[in-house]
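The values are calculated or read from the model by the stated rules, or taken from the named source; none is laboratory data. As the structure is a computational prediction, the values presented were derived from the model and not from experiment. Cβ coordinates were reconstructed from backbone atoms using ideal geometry, including for glycine residues, and neighbour counts include every protein chain displayed. Surface areas here come from the heavy atoms of the whole protein model, side chains and all, with no ligands, DNA or RNA. Shrake-Rupley method; radii C 1.70, N 1.55, O 1.52, S 1.80 Å.
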Amino acid sequence: AVMASADEANAAAEGTEGKNWQRKGKHKKEKPWDDDPNIDRWTVEKFDPSWNEGGLLEVSSFSTLFPQYREKYLQETWPIVKGALKEFGVSCELNLVEGSMTVSTTRKTRDPYIILKARDLIKLLSRSVPAPQAIKVLNDEMNCDIVKIGSIIRNKERFVKRRERLLGPNLSTLKAIEILTGCYILVQGNTVAAMGSFKGLKQVRKIVEDCIKNIKHPVYHIKELLIKRELAKNPALATESWDRFLPNFKKKNVKQKKPNTKEKKQYTPFPPPQQPSKIDLELESGEYFMSDKKKSAKKWQEKLDKQSEKSEEKKRKREAAFVPPKENTAGLSESAKSTNDNEIADITKSLKKLVLAFELCFLRESMCC
């Protein structure tokens with residue numbers, strides 16, 4: 001009886017599996033518009049208010065704080081922000097007491113996703129993005145991303161240097177990244193605000209994080225993006241891997257100079273010998289037993305000896321200025337030596353002639369007298 005019940009259960013299970021297998025894909029029939037090349041399935045259609053005529057049942061709201069230095073600018077530009085949100089049926093409030101901005105849906109709101117766009121708008125405004133640029137985020141094709149870079153690195157000096165590396169000289173690096181990714185980028189304080197397409201925002205986040213973490217310099221990312229832009233123009237490479245074309249930048253560890261560390265002395269369990277005291281030294285030299293008069297005479301004599309040594313040293317330095325330098329005749333060639341000898345011989349001959357002439361004149365004068 002037990003065997004029969006087991007067989008029946010197996011047969012029932014096989015029957016159910018067969019039925020499920022038959023039913024699988026019953027409604028997945030090919031439609032005539034599945035293979036239509038004219039239909040682009042990635043396009044995002046613009047929201048039509050007729051899709052949601054009844055509006056929203058509940059009120060949704062978001063609020064964010066803003067720094068004190070943005071208060072004056074937000075007061076001036078708030079009418080522009082309020083007018084832009086009013087077109088989509090979203091109300092906004094600027095609370096200067098709390099230092100906050102609030103957006104919320106109303107009865108006129110039709111698009112359920114617009115409240116998230118309004119939340120992104122007030123976030124960008126609080127991060128120092130200009131109001132005309134921040135309002136663009138309300139469009140369907142425009143998205144935003146705020147990268148928090150303040151908590152990535154603890155050392156303040158390194159953080160500032162790497163943030164400047166992201167900007168580049170005269171903001172050249174930042175402008176190059178903006179052009180290649182097609183995004184608006186603003187580096188402010190501990191955050192980087194970016195606006196653009198999803199693809200561009202992903203590239204911007206990667207560049208920013210790699211720069212702050214010191215993984216890859218932004219210039220290397222710019223080179224890669226330039227190469228990818230050129231490769232995208234070739235339709236033959238659309239289905240191939242681009243790894244062989246992209247440069248492989250390896251991180252080089254630059255050897256740093258080792259700090260001068262003092263050599264550790266060998267450890268000995270015994271303490272160092274006790275140094276002799278002043279009294280011990282006086283006992284050894286015999287000065288301890290001398291009278292005060294003799295001690296003062298000895299000190300005076302030592303003082304005189306030091307003075308005489310210093311005076312002799314000064315005299316030696318003064319006399320050194322009057323010592324004539326030695327002539328360097330060792331480096332002269334044989335021809336130069338011969339010419340010098342000839343010159344000396346000529347001078348001696350001329351001197352001898354002058355001496356003889358002088359002696360003759362002297363004799364004549366003496367004879368005349």
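Rounded to the nearest Hz, the phi-derived 3J(HN,Hα) couplings of segment 88-99 under the Karplus curve 6.51 cos²θ - 1.76 cosθ + 1.60 (θ = phi - 60°) are 9, x, 10, 9, 9, 9, 10, 9, 7, 6, 7, x, where x marks glycine and proline. Loop-located trypsin sites (Lys or Arg not before Pro) in segment 99-151 (DSSP state not H, G, I, E or B) with no more than 12 neighbouring Cβ atoms inside 10 Å: 107. The heavy atoms of residue 43 present about 80 square angstrom of accessible area, all protein chains included, probe 1.4 Å.
Report, in debye and to the nearest 20, how large the dipole of the chain comes out about its Cα centre when Lys and Arg carry +1 and Asp and Glu carry -1 on their Cβ.
Values: 70 positive and 51 negative charges, 245 e Å.
Computed about the Cα centre, the dipole is about 1180 debye.
In order along segment 109-119, phi translates into HN-Hα couplings of 6, 10, 7, x, 8, 5, 5, 6, 5, 5, 4 Hz, rounded to whole numbers, per the Karplus curve 6.51 cos²θ - 1.76 cosθ + 1.60 with θ = phi - 60° and x for Gly and Pro.
Please state the Cα pair-distance histogram of segment 44-140 with 5 angstrom bins from zero: what percent is in each bin? Bin by bin from 0 Å, the calculated values are 2, 14, 26, 24, 16, 10, 5, 2, 0.
Over 23 Å between Cα atoms: which of 148/233; 31/233; 213/250; 293/314; 117/213; 72/213 fall into that group? Walk me through the numbers on the way to the answer.
Numbers: 148/233 34 Å; 31/233 34 Å; 213/250 15 Å; 293/314 32 Å; 117/213 30 Å; 72/213 35 Å.
Beyond 23 Å: 148/233; 31/233; 293/314; 117/213; 72/213.
Amide H contacts of residue 216: 211, each under 5 Å away and 5 or more positions distant or on a separate chain (H built 1.01 Å from N in the peptide plane; Pro and chain starts excluded). The P(r) of the chain has a tail past 34 Å containing 69 percent of all C-alpha pairs. If exposed GluC sites (Glu not before Pro) are those in a DSSP loop with at most 13 other Cβ within 10 Å, what is the longest stretch of the chain that has none? Value returned for the longest uninterrupted segment is 142-239. Have a look at 323, 242, 59 and report the one farthest towards the positive end of the charge dipole of the chain, computed about the Cα centre with Cβ charges (Lys/Arg +1, Asp/Glu -1). Positive-most Cα among the choices belongs to 323. Proximity of backbone amide H atoms, modeled 1.01 Å from N, is registered between residue 188 and 193 at under 5 Å, excluding neighbours fewer than 5 places apart on the same chain.
Backbone phi angles across segment 284-297, fed through the Karplus curve with coefficients 6.51, -1.76 and 1.60 (θ = phi - 60°), yield HN-Hα couplings of 5, 7, x, 6, 4, 8, 7, 6, 5, 5, 5, 4, 5, 5 Hz in residue order; Gly and Pro are listed as x.
Farthest toward the positive end of the dipole of segment 150-220, out of 176, 200, 160, is the Cα of 160, where the dipole comes from beta carbon charges about the Cα centre. Solvent-accessible area of residue 47, all protein chains in place: 60 Å² (probe radius 1.4 Å, heavy atoms, ligands and nucleic acids excluded). The eigenvalues of the Cα gyration tensor, multiplied by 5 and square-rooted, give segment 142-252 an equivalent ellipsoid with semi-axes of 26, 17, 12 Å from largest to smallest.
Once you have a ≥ b ≥ c as the square roots of the Cα gyration tensor eigenvalues for segment 64-105, tell me rounded if a/c is under 1.5, and otherwise prolate or oblate according to whether a/b is larger than b/c.
Values: a/c = 3.09, a/b = 1.60, b/c = 1.94.
Since a/c reaches 1.5 but b/c is at least a/b, the shape of segment 64-105 is classed as oblate.
When the helices in the chain are scored as -39500 (n - 2.57) per DSSP H run of 4 or longer and the sum is shared across all residues, what 222 nm value do you end up with, to the nearest 500 deg cm²/dmol? Mean residue ellipticity, 222 nm, calculated: -16000 deg cm²/dmol. Solvent exposure of the chain, expressed per residue, is 82 Å² of accessible area, with all protein chains present and a 1.4 angstrom probe.
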